[in-house]
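Single-structure report; data block below.
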Amino acid sequence: MTVLLVDVGNSRVKWARFDRGVLGEQQAAAHAAWSMDDWRAALFEGAGVERVVAASVAGGTSLAALDEAARAATGRGIERVTTQRAAAGVVNGYADPGSLGVDRWLAVIGAWGRVHGACVVADIGTAATVDVVAADGLHCGGYIVPGPRLMVASLLRGTSDLASLHSSSPAGGGPAFADNTRDAIERGCRVALAAWVGRCVGDARSLLDTTPRLLLTGGAAGELQPFLDLQGEEVPDLVLRGMAECISVAPG
């Protein structure tokens, strides 16, 4: 059975086919204001999808349109993945397991399933999250802060003089410190996030008494890589990998 795995984020959707234990190449697109026809055209092109499994942190309208598209294409609605107390060898570290966002939960599962050891998961998108997993699969908690673009937007909204200077400055700048306002803001926010990720890895090393692997995912993960002082592996489809770990592909 070919399963379509779908990760619906706040601004982008990512999807891939999962067939006989093999995860296909991840596709991604912005999904704002998509209708049922848009979802069907983007995700269901070609034959073969028999089941749709989705995780979503977006509003109900997007999920309803996806469900309608799935029914039109396969004859059955979507199956939603939700956060659990434990799954695929990982134990949720939250006191209230359901309050951990499903995207974070699946990224943690995907990361631990990839390394089978201690790891730090940094998901950099609209929001930036870090989660720590011990070698035995225990999720140790994490943090949430604004992602780089949201950080920049927040600064520009709250400071009219910087917003004006930002719009009149060129992109790019010097190799070390920025030499114009736009670059000072945009690169500064990325430097701040990279330093935060580094601090989290250091704190995880102290907590776990071992050096954890750093895995990065999310649409803006690549923006942080040049500013990181430590080695990290970028895995763009980490959430879908976690979903694949969780589901059974036997007919339901």
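The values are calculated or read from the model by the stated rules, or taken from the named source; none is laboratory data. What you are looking at is a predicted structure, and each value in this text was computed from that prediction instead of being measured. A quick note on method: Cβ atoms are made from the backbone with ideal geometry, for glycine too, and the neighbour counts reach across all protein chains shown. In case anyone asks, the SASA skips ligands and DNA or RNA and just uses the protein heavy atoms, side chains included. Shrake-Rupley method; radii C 1.70, N 1.55, O 1.52, S 1.80 Å.
Odds and ends about this structure:
- Quotient of Cα Rg and 2.2 N^0.38 Å for the chain, N being how many residues it contains: 1.08
- Accessible area in square angstrom per residue, region 1-121, 1.4 angstrom probe: 44
- Only Lys, Arg (+1) and Asp, Glu (-1) charged, at Cβ; region 2-104 dipole about Cα centre in debye: 220
- Of all accessible heavy-atom area on the chain, the percent that carbon and sulfur account for (1.4 Å): 52
- Under DSSP loop assignment and at most 11 Cβ neighbours within 10 Å, longest trypsin sites (Lys or Arg not before Pro)-free interval of the chain: 86-252
- Between residue 195 and residue 179, residue separation times 0.36 nm minus the direct Cα-Cα distance comes to 3.7 nm.
- A cut-off of 5 Å between modelled amide H atoms, ignoring neighbours fewer than 5 places along the same chain, links residue 234 with 216.
- Modelled label positions at residue 20 and residue 230, each set 7 Å beyond Cα in the direction of Cβ, lie 4.1 nm from each other.
- For region 65-78, 3J(HN,Hα) per residue [Karplus equation, 6.51 cos²θ - 1.76 cosθ + 1.60, θ = phi - 60°, Hz, x = Gly/Pro]: 5, 5, 4, 5, 5, 5, 5, 5, 8, 10, x, 9, x, 6
- Rounded to 0.05, the FRET efficiency of the residue 11 and residue 209 pair, given R0 = 30 Å and the Cβ-Cβ distance, is 0.20.
- Residues whose amide H falls under 5 Å from that of residue 2, counting only those 5 or more places apart or on a different chain, are 50, with hydrogens built in the peptide plane.
- Around residue 235: net Lys/Arg minus Asp/Glu count, Cβ-Cβ under 9 Å: -1
- In order along region 121-131, the phi-based Karplus estimate (6.51 cos²θ - 1.76 cosθ + 1.60, θ = phi - 60°) of 3J(HN,Hα) comes to 10, 10, 10, 10, x, 4, 9, 10, 10, 10, 10 Hz; Gly and Pro are listed as x.
- Each residue of region 192-203 is assigned a 3J(HN,Hα), and the resulting list reads 4, 5, 5, 5, 4, 4, x, 4, 5, 5, x, 5 Hz, derived from the Karplus form 6.51 cos²θ - 1.76 cosθ + 1.60 (θ = phi - 60°), x at Gly and Pro.
- Over the chain, relative contact order from alpha-carbon pairs under 8 Å, at least 6 apart, %: 18
- Each label was represented as a point 7 Å from its Cα along the Cα-to-Cβ direction; for residue 159 and residue 95 these points are 3.6 nm apart.
- Taking amide H atoms as placed 1.01 Å from N in the peptide plane, the amide H of residue 220 lies under 5 Å from those of 124, 125, each 5 or more residues away in sequence or on another chain.
- If you plug the beta carbon distance of residue 145 and residue 42 into 1/(1 + (r/R0)^6) with R0 = 22 Å, you get a FRET efficiency near 0.10.
- If you plug the beta carbon distance of residue 79 and residue 27 into 1/(1 + (r/R0)^6) with R0 = 25 Å, you get a FRET efficiency near 0.80.
- A prolate overall shape is assigned to region 1-142, the ratio a/c of its alpha-carbon gyration tensor axes (a ≥ b ≥ c) being 1.5 or greater and a/b exceeding b/c.
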